[in-house]
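Taking it in order: structure first as structure tokens, then the write-up.
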Amino acid sequence: MAMRMMLKLLITIKENFMSIENKEVREIPPTHPGEMLREDFMPDYGLTTAALAEALGVSRQTINEILRERRAMSPAMALRLSRLFGNTPEFWLNAQRAYDLWQAQKSYQRDIKRIKPLRAA
């Protein structure tokens, strides 16, 4: 009897836990992939902008624009970086996606709030 009660309690807790939504607005922007490259990857590997550009087969201008956060991470660049550093393209693209969504949320906050959610009939 006690075991059945504990199991029921555990299932209830699990169901409630699974349905918790995170509706808090993030105040600090996610890290741009260019900042990750500039602050974490390049120093760890001792790379300059020119050396990174050469290793990836792209121009220094392309790398510089990414490092200065003026260019987004493209799927092609994510593939190149993942090959070079031994991680996945998803790592780079997810970082870009998080950054882009945060920027859009801040830019279009008023417009988005005006939209009334639909309910299924």
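The values are calculated or read from the model by the stated rules, or taken from the named source; none is laboratory data. The structure displayed is predicted, hence computed values, not measured ones. In this analysis, Cβ positions are derived from the backbone assuming ideal geometry, glycine residues included, and neighbour counts consider all displayed protein chains.
Restricting to the stretch 64-81, and then to whatever is under 12 Å from Leu37 (Cβ atoms) and part of a helix (DSSP H, G or I), can you tell me which residue is farthest from the chain's Cα centre (by Cα)?
The residue in question is Asn64.
Among Ala51, Ala78, Ala55, Ala72, which is the only one that is among the small types (Gly, Ala, Ser) and closer than 30 Å to Lys113 by Cα?
Answer to the check: Ala72.
Quick one: count up the residues across the stretch 60-78 that are of a type in the set (D, E, K, R) and closer than 18 Å to Pro30 by Cβ.
Residues in the stretch 60-78 being of a type in the set (D, E, K, R) and closer than 18 Å to Pro30 by Cβ: 4 in total.
I'd like the full set of residues that are assigned to a loop (DSSP other than H, G, I, E, B) and among the β-branched types (Val, Ile, Thr), limited to the stretch 82-121.
Within the stretch 82-121, Thr88, Ile115 qualify.
Looking only at the stretch 30-67, which residues are touching a Ser or Thr at 6+ places or on another chain (Cβ under 7 Å) and among the polar types (S, T, N, Q)?
Correct list: Asn64 only.
Which condition from (1) modelled with pLDDT of 95 or more; (2) hydrophobic (A, V, I, L, M, F, W, C); (3) part of a helix (DSSP H, G or I) is the one that Leu47 breaks?
Status for Leu47: all satisfied but (3).
Any residue in the stretch 39-51 that is surrounded by 11 or more Cβ atoms within 10 Å (Cβ to Cβ) sitting within a Cβ distance under 7 Å of a residue that is among the hydrophobic types (A, V, I, L, M, F, W, C)? List the pairs, counting only those 6 or more apart or interchain.
Phe41/Phe85; Met42/Leu52; Thr49/Ile63; Thr49/Leu67
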